[in-house]
Structures are given as C-alpha cells and as structure tokens.
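Structure first, then comments.
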Amino acid sequence: MDELGVVQTFLDVIEQLEIPYMLVGSLSSNAFGVARTTQDADLVVLLRSDDLKRISQLLPTGFTLDQQASFETITGKTRYEVKIEEPIFKIELFELGDGPFDASRFDRRCRVDLDGRMRYMQTAEDVIIQKLHWFSRARRRKDHDDIRDVIRTQNEFLDWNYIRHWCGELGITSELERMLDAIRRSEGSL
C-alpha cells in the first residue's frame, strides 16, 4: 500500500465511526496548489471521549495509534499520531481548537476528490490563512512555497474578503501583503 492508500484506509475508519474531520497540511495545499512529497498526513478531528479507543479497535494491522496526547508547538494544538509500518508514514490527528478561526474553517470544509474518493478538506482560502499563520511563527520554507502555489493556482477563485478578514483577525495581514508583493514582483501581476 502506498502513502495515499494509507490515508484512504485511515479515512475509511474515521468515516465509518462518523468522526468529523478535515484534511489539512500538505494534502490540502497539494489539492489546491502544486503537489509535493510528504512524509505524513494531517487531519483536524472533532473527537469525543471514547473516539481514540474506537479508532484503535478498527485500525488494520500495521497501523498503531498512540493515544498519548502531545502538544504541537507550531499549530498550538493537541495531537495524536498514527504510525504506519509499511510504508513508513504517519498520520497526525489535531484536535479542533476552540478559537473562532478554527470553527470557521471547520464549518467551511468542503468535499474534494482525493484520488477518486470524496473527502473533507479545508478550503483553499483556509489553506492560505492557516499556512500564513504557521509561517509567521516558524518561517518554514515549505509553508511559504505552499501559500505561494495555492495563491498562484487558485487566485481568481479565492474569496479575498474572507482571507483579508481572517488575516486581520489573526494579526497576519502584513505576512499576506509581503507574500502578495513577492508574487507580483516575480510574475508581474496577480
């Protein structure tokens, strides 16, 4: 089974258990921008008290859910890891935060074709906002490139009022403007 097959298998378990989720991270930026390789898949999930146990019971052989929560410094969220033996891959589950942007992007999640299967994913606008937020904290080149690629690919379809609203609320408007200026300089226009 390849990495995408691993993700599809895990999403089948999540959907069977009716756990609300959305794909985020590189899978969402790949869907709306330019595909790049990744060593993991990230999901935001809305967990109930016994969901981790229920997930563990349905996972196929070779999938292991570590039910010990950890804190992810860049996202500021609680996370759990599902490790896969073959191929070596991991799925990170981030609990849905309680902030207004977290609620907004979860409410706006959309169904997107992921290799022939309709899966929940954050919108292109929310990819940009979330990655800008992470980039403002960690300055990871991959976040910068993902933002640029999603803007270039989706520009005419984006809800710029929504993006500007949440960038203002999150205090990252200057990051957005720097990104847009850099794209304009490299391409002549947006």
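The values are calculated or read from the model by the stated rules, or taken from the named source; none is laboratory data. Predicted, not measured: the structure shown is a model, and the values here were computed from it. Glycine also receives a Cβ, built like all others from the backbone with ideal geometry; neighbour counts cover every protein chain displayed.
Brief remarks on what is shown
- 3 or more residues within 19 Å of the chain's Cα centre (by Cα) and surrounded by fewer than 19 Cβ atoms within 10 Å (Cβ to Cβ): qualifying helices (runs of 4 or more DSSP H) within the range 126-190: 141-154
- The residues of the range 77-102 that are of a type in the set (A, V, I, L, M, F, W, C), more than 30 Å from R164 (Cα to Cα) and part of a strand (DSSP E or B), listed by number, are V82, I84, F89, I91.
- Test: D50 is within 28 Å of M1 (Cβ to Cβ) and surrounded by fewer than 16 Cβ atoms within 10 Å (Cβ to Cβ): yes
- Complete set of residues in the range 104-124 that are touching a helix residue (DSSP H, G or I) at 6+ places or on another chain (Cβ under 7 Å), among the hydrophobic types (A, V, I, L, M, F, W, C) and outside any strand (DSSP E or B): A124
- Residues of the range 134-150 satisfying the condition of being more than 20 Å from T38 (Cα to Cα) and in contact with a Leu (Cβ under 9 Å, 6 or more places away or on another chain): S136
- Search result, residues across the range 68-85 that are modelled with pLDDT of 75 or more and closer than 15 Å to D40 by Cβ: R79, Y80, E81, V82, K83, I84, E85
- Residue that is surrounded by the most Cβ atoms within 10 Å (Cβ to Cβ) [pool: residues in the range 10-27 that are assigned to a helix (DSSP H, G or I) and at pLDDT 95 or above]: F10
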